[in-house]
Structure formats: structure tokens, C-alpha cells
Amino acid sequence: MRAVLAPEALEAIVEVLRRRDWRVVAPTVRDKAIVYDEIASAAELPIGWKDVQAPGSYRLERRDDEARFGYAVGPQSWKRELLAPSARLLQIERANESFEVVKNAAETKRTAFFGVRPCEVAAIKIQDRVLIGGSYTDEDYLERRTNSFVIAVNCGEPAANCFCASMGTGPKAEDGYDLVLTEILDGSHRFLVEAGTDEGAELLAELPQQPAEKADTTAAEKVTDAARKRMGITLDRSDVHDLLLANLEHERYDDVAKRCLACTNCTLACPTCFCTAIDDANSLSGEGNDRVRKWDSCFTLQYSEMHGGGTRRETKSRYRQWLIHKLSTWHDQFDTLGCVGCGRCITWCPVGIDIREEVAAIRATQEAKS
Amino acid sequence: MAQTLTETAGSLEAMTPVPYAVTATRQDTYDTWTLELEPVNGAPIVPGPGQFNMLYAFGVGEVPISNAGNFETDERLVHTIRAVGAVTKALCAAEVGTVIGVRGPFGNTWPIEDAKGKDVVIVAGGIGLPPLRPAIYHVLKNRKDYGRFVLLYGARTPSDMVFLDEVKSWQSNYDVDLDLIVDAGDTDWKGKVGLVTKLIPPANFDADVAKGFIVGPEIMMKFVAQELMNRDLPAESIYVSMERTMRCGVGLCGHCQVGPTLICRDGAVYTWAEVEKLLAVKEL
């Protein structure tokens, strides 16, 4: 099912969903960045804004049109909606000489993610594999995921740090959405919309629309084709798994360790990073504890803390852990790559370390050697 | 491959500590205690040999500790714990009657079924003996199912050895080739002195039909595995138990990964063939 929407029809999407008492979370401008937050009107979308990204740099600028999705991705990802940054799992209370446990089942409202980029759709699929695809199911994630409704938006404006074309995750979403929009700015401003699920089709049926003509689908293809061409291929994923595993002691890790601050920004901004700490927060009386699951990062020393100290004491070991996990060992663990090419780790790295450059440097010297 | 128990479950149940009362405590060494545990309500869990539990000291935190119980004849959980951090210190300070939290069992088991009809060579270093104790009891209680049984136990000093009286009783009561060694003896020590690797060349087993189980510090497991391979025991027949920090125990928190593997999900028991290359890389 496929149709064409006028820009004003985006308001109908928000209205219909809010009438159903769903939360609508979408990109919106706050603190000079595009963040994901609940919106009450499509007017809160970042209309006429674009993001200019470079390693370690992110700026918003005005566009000379009224594009609703004329930017790439901001500092946040949908991870914060699905794998909550902090979730109370249990309350453990002292009871006589023993203790009692109250489980906190997550209760979430039906939530529409409005404006999910193809790389982010791919990231959600990766986290699905990790958190609900194995022997143990993360129920908190499952509850939030079951209650999510994905309105994807294909990309026409990749940022300089975007490399989804290299990772095979964009700029056009192939599946994993309820609805997908492509914003067409060429000619009359309009959106090609396609339903990916029955629920998506139901929503689409409620929207004011025009039938999609051949010219519309061609124009939409042109948008993502141009985006793909603009990005080019900047990371060769075909053999990266073996390349990194064959070069675990590569001297490039000493080099990157001189630049890396081990600040954890890349892991927090990453839409696939899933590591969490399970901590007990004690009440002042000492009679009760909240067991809280929080985002954690392999860049901290505490992450690998055991008796006798951390397993990864040096920054280079922690960077290597992160890099090989994203591009090699994630595949061994979960049968999928752990990187979707969104570029957040490059943009939000305070010193602008670029995963593509690091892989290229390892590849270059490896090839020189062989 | 090590034996894997397949389970499908919700994480919240698996991450909820269950109250267990301490029914006995014993100080094993200057920094190591053994706790026996029984559930406050209901039936106890029955771990397989090689599996671990997450133990919870109320208000302090959780740590993964191997099961050391004799599950052939006894339902009590047994955990031997070295007091090295906040949680293990709190657990070691537990007295009879103290209630601690237990969740598990997690991880895979020693390949005791695959080892049937074969020689079994168990090499333990220091506090590495307790994680092997359930497998040892399984072999002892089903002695006729196995070939020769070699048990080599080394520690830094005699006072670092745990379960020593019990180990000696196995020698008197069962058909087991037991050998003990310490790095440094004391005035009462009349046994061998040196590294546990020294006991492997003379050990009585047939490498063509043997399985080796090793637990100890990583460096010890490395040299023991090497020594077993020098006796022509293939790396695929040598099993070790790996250790990393763990938060969830169910493959969701990411902490216990070593390269391609998550220890709580794929281990903690691995063949030496699976982990030799991983342990050769510093800080992997």
C-alpha cells in the first residue's frame, strides 16, 4: 500500500495517533541539536533545519526550504526509548531476617517513533537480536518494543559522518517499519508513503492522501539514490571481521589510545551499544534497595573490574574491545554486525576519532605487510 | 564443545535473587570461606557440575561464584568464596542464619557425559578446586563409568589448599590417582614442592582417551594445558573454566565478553582449543 502525502498531512499522523492516546516521539530542536522527544504537533518537527556534522562537530543551520526531515541523526537514538538509560528492575526490602523482592514489570504506553532513519531501523533490529533473540528475554525491552510503532523516514540528506551505504543499512529502509516516508523536495513538496505492516496500512487509510504515481516513486528513488551516491563507500565491510581479528595487536591501537579520552561518548551515542550495569541503590535507612539497570560503557575501567583489577586497564585495550565488537566479534556473538554506519561515534567524539579512518589505517598497514 | 544447557526464560525472573539461609560456614584459608546454603522457602536449585550462581549480599551487591556442592548426594548449595572485594567480604562475613540472595544456575557444565568410558584428568590450582568438586563427586560416585581418574592439586602454600582433608579422604576411599604439590612448603609439609605442571609428565593416563579439566588462575591454566598437550592430549579434550566480571549472568549485560564469546552464555567451561588464542592476547 502506497500513497502520496502533502506536508500538512504529517499533522494528521500526529493527530490520529494522539487521538488513540499514543505517545508520539519525534525529532525536535532543543539546545541547538535535534533530539527525540514527545511532540503534540507536527509543527514541532525541525522544519527547515539541517545538521552539519564533522568528526567532533555538530551544528544546526537553517535550510532554504521547509523540509521536515532535512537532516541526518542527532546525539540521541531510539535506544533511549527501548533500552531505558535507567530502569528499576527490582525492589529488595529487608523482611525479618530475610528479604522480599518486588519485581517491577515495565508498563509503557503505546508509542509511535516518528522519523526513524533506516540506520536506526537496522539498529533496532540488532538490539532485538541481542536483547530478545537469545535464551533469555529482556522483558523491559520486550514490553517497550512490543508497544512501539515505527514510522521510518528514508534519508535524502546524509551528514558527512554518515556511512550507512557502507554498512548496507540505508539510506533506504527495506523492512522493519510500520510506515515509511520519503520526503520529496524536487517539484512540489510531498511525501511518498508505504505501509510495511497491516497496522501501518490502517494508519495510512486514515490520512488525507493522493494516489502515488510513477513520477512519485521515481522521484523517491532519486532521493535515496542521490544520498547513497553522496556517501559513497567509506568502510569496506566485506572482510572487516577477519581483518580486525587478524590484527589484534596492531600498532594503530597505540596511536588511537593517545587520542582517545575513554570518555564513553561513542558508546552512549551508539544506537546498538547495549551494555548495562546492574546496581543496587540503597535507601538511607539501609532497609531497602532498588536494583537498577543502567547504560554502561566498555570504555570505563570499572567495566571489566574483577578481583586484582580491571581486565582492560589500558585505553588501547578498551578502544580495541569497542572496535572489534562493533565490526567483528558482534557477528560471532549475535550473527549480525554491531555497526549501522550512523556516524554518531564520530560526531560526538570530543577528539573526532573516526571509526572509518581507524579501520582504513589498520587495513593499509596490513596490506602493506602482505 | 562443552555441554550447553538450553533454556528459554524471562530475564526478570532469572535476575531476581532468591533468599537462601546460611546453614554452615567454614574458614578454609586466611581469606577464603565456604558457605552452605538452603532455601528459606521451597526447593533448592540443582546446578550441574561447572555451573555458577550469582550470590547477593543484601545492600552490597552480587558476584558470580561457582557451585562447589556435592550434588550426587546432597541438595545443599556450597560456595567457596575468597574475600577480595566489597561483596565477597560481606559474603565471607555471613554467619549461620544469615540470609543471602542466590540466582542461577547459569552457564554450561563440565562434559561429564562425553567423558564416560574415558580417563579423567583434573588439575586444580588453589581455590580452583571448589568449581571442580561437583565434577569430582560425579566421577567418584559413578566410578565404573570412567577409566583412570587422575586428580592433581597444587597451591602456593599448604595453607592455601582448600578441602584438603576431604581430598585426602578421596584417596583412601576411592580409586583415584591423587597428587598434591605446593610452590613453597612449611615445616609440616612432607609432600612435593614445585608448580602443579610438574605432576603432569608422570601422571597415569592415556592421552588418546582422556579428558582434562582445569581450574586455576589464567596463567596456571595456560601452562597446565600446554603440559597436557605435551602429553599428546589434544586441545579439544582439555577444558577450562573462564572468569570475567558479570552483572546479569544471562547474556544481556555484555560485561563477560572475551572476543567472540560471552562467558555466562557460552561458558564458563570452554575447550582449550576455543580459548587458547583469546587468552594469548593481552587485555582482550
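The values are calculated or read from the model by the stated rules, or taken from the named source; none is laboratory data. In this text, all values refer to a predicted model and were calculated from it rather than measured experimentally. Methodologically, a virtual Cβ is constructed for each residue, glycine included, from the backbone with ideal geometry; neighbour enumeration extends over all protein chains shown.
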Can you spot a residue in the range B:174-184 that is touching a helix residue (DSSP H, G or I) at 6+ places or on another chain (Cβ under 6 Å) and closer than 26 Å to B:Thr261 by Cα? no
Report the residue count in the range A:85-108 for those that are more than 10 Å from every other protein chain (Cβ to nearest Cβ), outside any strand (DSSP E or B) and either at pLDDT 95 or above or in contact with a helix residue (DSSP H, G or I) (Cβ under 6 Å, 6 or more places away or on another chain) (or both). 2
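Just checking, which of A:Thr300, A:Thr218 is at negative phi and part of a loop (DSSP other than H, G, I, E, B)? It would help to see each step written out before you state the result.
Working: A:Thr218 fails: part of a loop (DSSP other than H, G, I, E, B).
Answer to the selection: A:Thr300.
Restricting to the range B:71-86, and then to whatever is facing chain A (nearest Cβ under 10 Å) and either within 17 Å of the chain's Cα centre (by Cα) or touching a residue at least 24 places away in the same chain (Cβ under 8 Å) (or both), can you tell me which residue is surrounded by the most Cβ atoms within 10 Å (Cβ to Cβ)? Walk me through how you get there before you give the answer.
Initially, the range B:71-86 is screened for residues facing chain A (nearest Cβ under 10 Å), giving B:82-85.
Next cut, either within 17 Å of the chain's Cα centre (by Cα) or touching a residue at least 24 places away in the same chain (Cβ under 8 Å) (or both) only: B:82-84.
Working: B:Arg82: 20, B:Ala83: 17, B:Val84: 15.
Going through the qualifying residues, I end up with B:Arg82.
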State all residues of the range B:246-261 that are more than 7 Å from chain A (Cβ to nearest Cβ), within 14 Å of B:Phe52 (Cβ to Cβ) and either among the aliphatic types (A, V, I, L, M) or outside any loop (DSSP other than H, G, I, E, B) (or both); if no residue qualifies, say none. B:Met246
Any residue at all in the range A:254-277 that is crowded, with 17+ Cβ neighbours inside 10 Å, at pLDDT 95 or above, away from chain B (no Cβ under 11 Å) and farther than 27 Å from A:Gln53 by Cβ? no
What residue, among those in the range B:238-284 that are among the polar types (S, T, N, Q) and over 17 Å from the mean Cα position of the chain (by Cα), is nearest to A:Gly308 (Cα to Cα)? B:Gln257
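Specify which of the listed residues (A:Leu248, A:Leu235, A:Leu192) is under 25 Å from the mean Cα position of the chain (by Cα), of a type outside the set (Ser, Thr, Tyr) and within 25 Å of A:Arg129 (Cβ to Cβ).
Numbers: A:Leu248 fails: under 25 Å from the mean Cα position of the chain (by Cα); A:Leu192 fails: within 25 Å of A:Arg129 (Cβ to Cβ).
From the options A:Leu248, A:Leu235, A:Leu192, the qualifying one is A:Leu235.
Here is a check on your reading of the model: is B:Pro201 within 14 Å of another protein chain (Cβ to nearest Cβ) and of a type outside the set (A, V, I, L, M, F, W, C)? Walk me through how you get there before you give the answer.
Details: within 14 Å of another protein chain (Cβ to nearest Cβ): no; of a type outside the set (A, V, I, L, M, F, W, C): yes.
It is false that B:Pro201 is within 14 Å of another protein chain (Cβ to nearest Cβ) and of a type outside the set (A, V, I, L, M, F, W, C).
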